[in-house]
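This report refers to the structure that appears directly beneath it.
Each value in this text was obtained by applying a stated rule to the coordinates, not by laboratory testing. Note that the structure is a prediction, hence the values are computed from the model and not measured. Please note: Cβ atoms are built from the backbone with ideal geometry, for glycine as well, and neighbour counts cover all protein chains shown.
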Amino acid sequence: MRKTIGKRFRWYTDERSRMKATVDKETCIGGGLCRDICPAVFITNDDAKAGVALTPVPPDTTAACREAVASCPVGAITLTAG
Ligand code: SF4
């Protein structure tokens, strides 16, 4: 999404809102809830724990990533401004 503010300034919200996702493998207990909520970003690795397949997070998946963060039962996912 791009907003135009006045005639001279543009605010490229997509680039500025890019987030980086990480999973703390020591904390993750598996189960794949994050993958179910946001399959474009989260995967299940061979060790049954979650991983990040795509980062920075595409802007159209940011809401799903935030839901995955909120839904993770052990708080293993972190989203940070990229
Ligand atoms: S929701 Fe949390 S505990 Fe479950 S797989 Fe994802 S990171 Fe691991």
Subject >> Spacing of the two label points (7 Å from each Cα toward its C-beta) at Lys25 and Ala48, in nm >> reply: 1.6 nm
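Using the per-residue mean of other Cβ atoms lying within 10 Å as a proxy for protection, in what order, highest first, do the peptides 36-45, 67-76 fall? Please list the in-between numbers first.
Values: 36-45: 17.9, 67-76: 15.0.
Ranked by mean Cβ neighbours within 10 Å, highest first: 36-45, 67-76.
What Kirkwood radius, in Å to one decimal, follows from the Cα pairs of region 18-81?
Details: mean 1/r = 0.0896 Å⁻¹.
It is 11.2 Å.
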